[in-house]
Amino acid sequence: MASVKSSRSRAHAVTQSKGLNKDTGPKLEENLNDFKSDNFDADAYVQSKCHSLSEKEIRQLCSYLLELKRASAEEMRRSVYANYTAFIRTSKEISDLEGELSSMKNLLSTQATLIHGLAEGVHIDSLSDVPESTSDSSPTDDVREPSDLEKWLTEFPDHLDVLLAERRVDEALLSLDEGERVASEAKEKKTLGHAVLLSLQTAIAERRQNLADQLAEIACQPSTRGAELRAAISALKKLGDGPRAHSLLLNAHYQKYQFNMKNLRPSSTSYGGAYTAALSQLVFSGIAQAATDSLAIFGKEPAYTSELVMWSTKQTEAFALLVKRHALTSSAAAGGLRAAAECVQIALGHCSLLEARGLALCPVLLKLFRPSVEQALDANLKRIEESTAALAAADDWELTYPPSVTRTSGRSAGAVLGSTGAYQHKLSSSAHRFNLMVQDFFEDVGPLLSMQLGGKALEGLFQVFNTYVNTLVRALPGSMEEEASFEDSGNKIVRMAETEAQQIALLANASLLADELLPRAGMKLAPLANQKDDLQRRASDRQTRHPEQREWKKRLVNSVDRLKDSFCQQHALDLIFTEEGDSHLTAEMYINMEGNADEMEWSPSLIFQELYVKLNRMAAIAADMFVGRERFAMLLLMRLTETVILWLSQDQSFWDDIEEGPRPLGHLGLQQVYLDMKFVTCFASQGRYLSRNLLRVVNDIISKAMSAFAATGMDPYSVLREDEWFTEIAQDAMEKLSGKPKVANGERDLNSPTASVSAQSMSSVRSHGSY
């Protein structure tokens, strides 16, 4: 058989060599000549090739070679895994073929022995036909004593039968070995006739087969345990039937844990984790014991190791189906992510212990459990969405601290407070519920990480949060007509936020969830998150967050920006238009101004005074709701101011009337435009929400007004007063509207980070206005 295999290997090598030469030609052969030489020196070869390279180039070459080595190893690993099943199947077929060839060899040997025996018998018969006189011999020849060998040959079959009947396996093996030795010596020395030798070999073969059947019967008995099973399998292997012995060993362990599983009833356990733990203990301990026995008896021979791997994989798949049927399916359908995750974690915990025995079966479990965990994940996210939507229908949008109640999972609120620290913030009832369910969602994320479901969990949670933001948008007055634009709106009802405080509470809910609570909970999906406490996580939040989670937080914030835009747009429209649809911001309020500039009582236009009052009122509300998050409140006021001013800048009908209307913009109107814009920059600067974008739009409006006035043939600089005059009027108006005294000497707050910028920009417009 070895010669057959070697000849096949040589033929295969020749075939490969021919194919290689045909593909690459003589060029490759020439390149390999250096390596084929018996005097090849690796160091000298490298020196010759790298002599002209600099140190940096050599380092780069080494780095490239190491990377190539890693890539080659990874490619080899993938290739082995991709063809592992085919390799095992081929190995098993080769092993079976070897067994068949061995059987054929024994059969041919038996037939040859039988033929020789028959021929010998004919020869003996012919010799017996001699003259009768020659048969007359002395009486002493008839009473010859049998030799020791003849006695042994007579007693040997009976002795073996006794050993087999008494199941004295070790002695039977020794006797069989002795019989084989005697037969071999007799065949070499020709001390036995062919018939006697054939009889001896037949007796040995029959008793060997009887012993093998007896050992197989012992191995198949459910009562056979431990040392007795290993002894039977080892004896069967010594008889030369290794493949059958190994299969019987694996089957014995399978039958053993199958028998023990009869006492395990899924219906008798009300908790899926208990059933999973009991079943895992039975199955994986059985696989572990089978692996131990296989290694002890058969060693690390590839054929037996491959059979063990295939058998273990099959048992693991059967185990996974049982767990899915009796534990995972019901939990996943009900959205019990924690129950499903716990079942998976228990199974993985038992399965991972097999890695010490060289069996990496966890990927098999993960592949089979993944669909059920995904189903539980989706159902859990759907439950969060529906529960939050139900509370939003009755939410009064009042911010409160979380109630100190015991959670449904049995964990106390104090423990939750200590573990997250997020519950110290104020939220409305629906946001509290959303946050609480999200915290529960991230309690057991181990299986999600091991199954590479972290990204899917984050994406699903973002979709749920986005749906909640849609609900908050629909809670804004005036947004009902846009409800059809949201795909997930359906027939959901939401309680309207009537007051400004309630509307700002919507933003407080969304911003706190997106900026702090959800990203902090999502960090549990990072491998290093569990190794850091809350204080460390807060201090190094930006550095430790995974790039995927940074992108996720950015998407959450963008979703909140959509709510912020809706809020600002609604309030800007309420400020600019009346309930009948008429505009408070028209060109007539500037074009129709008449009278003497010195006798007029100058003040900002009414709409900008209302904007200032609204911003002050919202700032006071936001100061209470955004404690510790003043930046968000500042950005909100900045966005609202920009929305109103951008509307004025982009209102084409307004500028058509200013620039091409029947009445030109007079000097009083120009000064009023300048005063209004000065008023906006003053209160925005004082409130610390004057942005560069707002300042740019304000300057653009002033430039357009000055250009329209210059088109009448008059110089705008000749009618505009000094900048301090406009500042004084703006400060007086702010004092009257807010009830707060202005800063001494009528100056702006010099500590404002945008005060100097606004002053320089306004002066720049007056000095270099484009018209």
Expected vector for region 287-292, Karplus 3J(HN,Hα) from phi with 6.51, -1.76, 1.60 and θ = phi - 60°, integer Hz, x for Gly and Pro, equals 5, 4, 5, 4, 5, 5
The value for region 170-248 (convex hull of the alpha-carbon atoms, volume per residue, Å³) is 80 Å³
Low-density loop chymotrypsin sites (Phe, Trp or Tyr not before Pro), region 554-610, at most 12 other Cβ within 10 Å, DSSP non-H/G/I/E/B, are none
Counting only DSSP loop positions in region 222-311, the chymotrypsin sites (Phe, Trp or Tyr not before Pro) whose Cβ has at most 16 other Cβ atoms within 10 Å are 271
Which residues qualify? For residue 495, with a placed amide H closer than 5 Å and at least 5 residues away or on another chain, they are 393, 394, 395
Share of accessible surface on carbon and sulfur in region 634-686, whole %, 1.4 Å probe and ligands ignored, is 52 percent
For residue 577, other-chain or 5+-apart residues with amide H closer than 5 Å (H placed, Pro excluded) are 584
Trypsin sites (Lys or Arg not before Pro) in region 283-384 lying in a DSSP loop, each with at most 11 other Cβ atoms within 10 Å of its Cβ, come to 300
For 44-57, 695-708, ranked highest to lowest by mean beta-carbon neighbours within 10 Å, the order is 695-708, 44-57
Quick calc of log₁₀ I(q)/I(0), region 257-354, Debye, one scatterer on every Cα, no solvent, q values 0.14, 0.24, 0.25 1/Å, result -0.56, -1.23, -1.30
In the neighbourhood of residue 669 defined by beta carbon distances under 13 Å, the net charge of the other residues (Lys, Arg +1; Asp, Glu -1) is -3
In whole percent, the Cα-Cα distances of region 572-641 spread across 5 Å bins from 0 upward as 3, 13, 18, 17, 15, 13, 10, 6, 3, 1, 0
The ³J(HN,Hα) series, computed from each phi in region 629-641 with the Karplus coefficients 6.51, -1.76 and 1.60 at θ = phi - 60°, rounded to the nearest Hz and given as x for glycine or proline, is 10, 4, 4, 4, 4, 5, 5, 5, 5, 5, 5, 5, 4
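The values are calculated or read from the model by the stated rules, or taken from the named source; none is laboratory data. Note that the coordinates shown come from a computational prediction; the quantities given were computed from them, not determined experimentally. Glycine gets a Cβ as well: all are built from the backbone with ideal geometry, and neighbour counts include every protein chain shown. Quick note on the areas: whole protein, heavy atoms, side chains included, nothing else; ligands and nucleic acids left out. Shrake-Rupley method; radii C 1.70, N 1.55, O 1.52, S 1.80 Å.
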